[in-house]
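Worksheet: the structure to be examined is printed underneath.
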Amino acid sequence: MTADIDKTAGPLDSPPAPPQPVKAIPVRHYGRYVTALVALAVLAAIVYAFSQGKINWQAVPDYFFDHRIMTGVGKTLMLTVLSMLIGVAGGIVLAVMRLSKNPVTSGIAWFYIWFFRGTPVLVQLFLWFNLGLVFEYIDLMPIYKDYWSNFMTPLLTALLGLGLNEAAYMAEICRAGLLAVDEGQTEAAHALGMSHGKTLRRIIIPQAMRVIVPPTGNEVINMLKTTSLVAAVQYPELFRYAQDIGQVSGAPVEMYFLAAAWYLILTSVLSVGQYYLERYYARGSSRRLPPTPWQKVKANLFSVGRPKGGMA
Amino acid sequence: MTGKLSKQQVPAGRGDLPMVRAEGVHKSFGQVEVLKGIDLEVRAGEVFCLIGPSGSGKSTFLRCINHLEKINAGRLWVDGELVGYRQQGDKLYELRDREVAMKRRDIGMVFQRFNLFPHMTAVENVMEAPVQVKGVRKADAHERAMSLLARVGLADRAGHYPSQLSGGQQQRVAIARALAMDPKLMLFDEPTSALDPELVGDVLDVMRDLAESGMTMIVVTHEMGFAREVGDSLVFMDGGVVVESGRPRDVLTNPQHKRTQSFLSKVL
């Protein structure tokens, strides 16, 4: 078929002269210069104010790699990963339940999401911690029996509190993802003789992932920051350790800055991971994968010095 | 071309069961009655064309055949077995999802909008069902998929994702995907309606080739040329009923019914 094109290439025997590139003086945006100057001035003022404040900046690098801080970073990451795992697994189950034709299962899922999305995580964490008022013992007949307060360690409280809350949000994200897949996909899979479960696993979920991954990345970043709340149920992590050091060393505010810096570093690393994950799930949906940052840098290096038009 | 049987009135002329038999098939969506009693028979090895204006119920009927839609009244058999139900005595039992899936293995379907799996390459699309449903070994499925892609003229596109293929190529991959399950019956739901006119030919060529190999095909189509050339039987549907049926040549060139005449005068 493609060979036919050559025969019809008649009138293009002599290539015409290349068109003259447009040489025009670009429009000057004076307004932009002014706003940029104002913004820089405000920024400089803020930085100056902070540098003159009564903050002992030297304390930040002193404690930056303190072993307690490092333990805190590790625990924060561990909490984030584990609660997100609980959240994602629970979210998928809840989303499938929500979409089920059975009114009881979809109703229960609806109720769960309603409750856990409608109450603050901090309140939920305290509720889990104090559930001993309702259940005095935990009694898994032959295997395990203990007081609730012994069973519900700070770590377990933190994981359940964060994970179950996350599941409610993930459920809505997953549901949106599943609904975003064209119904024709289900039909095609069914017409091939695939069962419901296989259709879901092999056809629907991989396509839903494209819709699910970006907001989930946001959720991970959110979770990383939310873990700072579990200090309230006596589980020490980055924020709690920073606070402790602050109280002992007499540099409390400095330690908040230190914690903020660590949270920023961790969220930045996660953002990079999210970018590559999204790129992976984009395969097949766009004709060409978006370039990696490194590829972009390379492309920009080659085009340096080439006139770009627009802003001078 | 395989031997054409004279008229549709041959009562089980080969002595075996019809591939598809419909008796008084009704289907409603809420208040709207889309099928109002369809009776027809499709013999094995036959190319059976369904034509009619949009909304006449032809696609719905096609979807009933592999139980993508449940019928509300009547009976539908494929290869002698009830579709979607099991009869014991005079009681009907609905089939389980797994049993329905089992029966769909033998019925290939090609959709108007292709419905290829966009996250899989062409060859992965074709391999998917044999591997996942029949448990064929990957290497064997791959080999078979490659030969099917070659059959539809797309061996060189095996590694392409659907978004990298033209509409006509996607539809040919979709046909290969359906064939990979070795169906005894192929359903085509307006396979060329979503294609650019110049791509229609490639798809019709593949279907013609398939018809010559003796596949039983039910084709919902607006391609009257294809129906006339390749079809063994033709049914004109309108308003949820069969208005006219017969040999494609007869119905298309010499329609008896007023409704058929006015439809064909607009289409041909």
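The values are calculated or read from the model by the stated rules, or taken from the named source; none is laboratory data. All values derive from a computational prediction rather than experimental measurement. Neighbour counts run over all protein chains shown; Cβ positions are idealised from the backbone, glycine included.
Restricted to helices (runs of 4 or more DSSP H) entirely inside region A:197-295, those with at least 3 residues that are buried (at least 20 other Cβ atoms within 10 Å of the Cβ) and among the β-branched types (Val, Ile, Thr) are A:205-226.
For B:ALA73, the stated conditions do not hold, so it cannot be described as within 16 Å of B:VAL241 (Cβ to Cβ), touching a Cys at 6+ places or on another chain (Cβ under 9 Å) and either more than 14 Å from chain A (Cβ to nearest Cβ) or buried (at least 19 other Cβ atoms within 10 Å of the Cβ) (or both). Every condition in (1) part of a helix (DSSP H, G or I); (2) at pLDDT below 95; (3) touching a helix residue (DSSP H, G or I) at 6+ places or on another chain (Cβ under 8 Å) is met by B:LEU149 except one, and the failing one is (2). Go through the residues of region A:55-71 one by one and say whether even a single one is of a type outside the set (Gly, Ala, Ser), in a helix (DSSP H, G or I) and touching a Lys or Arg at 6+ places or on another chain (Cβ under 9 Å). The answer is no; no qualifying residue exists.
Quick check: is even one residue across region B:131-138 away from every other protein chain (no Cβ under 12 Å), surrounded by fewer than 24 Cβ atoms within 10 Å (Cβ to Cβ) and part of a helix (DSSP H, G or I)? Yes - at least one qualifying residue is present in region B:131-138. Note on region A:98-126: residues that are without any contact (Cβ under 8 Å) to a residue 24 or more places away in the chain, of a type outside the set (Val, Ile, Thr) and surrounded by 14 or more Cβ atoms within 10 Å (Cβ to Cβ) amount to 3.
When A:GLY184 is tested against (1) in contact with a helix residue (DSSP H, G or I) (Cβ under 8 Å, 6 or more places away or on another chain); (2) within 14 Å of chain B (Cβ to nearest Cβ); (3) surrounded by fewer than 16 Cβ atoms within 10 Å (Cβ to Cβ), only condition (1) is not met.
Of all residues in region A:213-227, at least one satisfies being within 17 Å of the chain's Cα centre (by Cα), within 14 Å of another protein chain (Cβ to nearest Cβ) and not charged (D, E, K, R). Run down B:LEU40, B:LEU17 and say which single residue is in contact (Cβ under 8 Å) with a residue 60 or more places away in the chain and either in a loop (DSSP other than H, G, I, E, B) or among the β-branched types (Val, Ile, Thr) (or both). Result: B:LEU17 is the single residue among B:LEU40, B:LEU17 that is in contact (Cβ under 8 Å) with a residue 60 or more places away in the chain and either in a loop (DSSP other than H, G, I, E, B) or among the β-branched types (Val, Ile, Thr) (or both). Does B:VAL203 satisfy being assigned to a helix (DSSP H, G or I), in contact (Cβ under 8 Å) with a residue 24 or more places away in the chain, under 19 Å from B:CYS49 (Cα atoms) and not hydroxyl-bearing (Ser, Thr, Tyr)? For B:VAL203, the condition - assigned to a helix (DSSP H, G or I), in contact (Cβ under 8 Å) with a residue 24 or more places away in the chain, under 19 Å from B:CYS49 (Cα atoms) and not hydroxyl-bearing (Ser, Thr, Tyr) - is met.
If only residues of region A:153-181 that are touching a helix residue (DSSP H, G or I) at 6+ places or on another chain (Cβ under 7 Å) and hydroxyl-bearing (Ser, Thr, Tyr) are counted, the one that is surrounded by the most Cβ atoms within 10 Å (Cβ to Cβ) is A:THR157.
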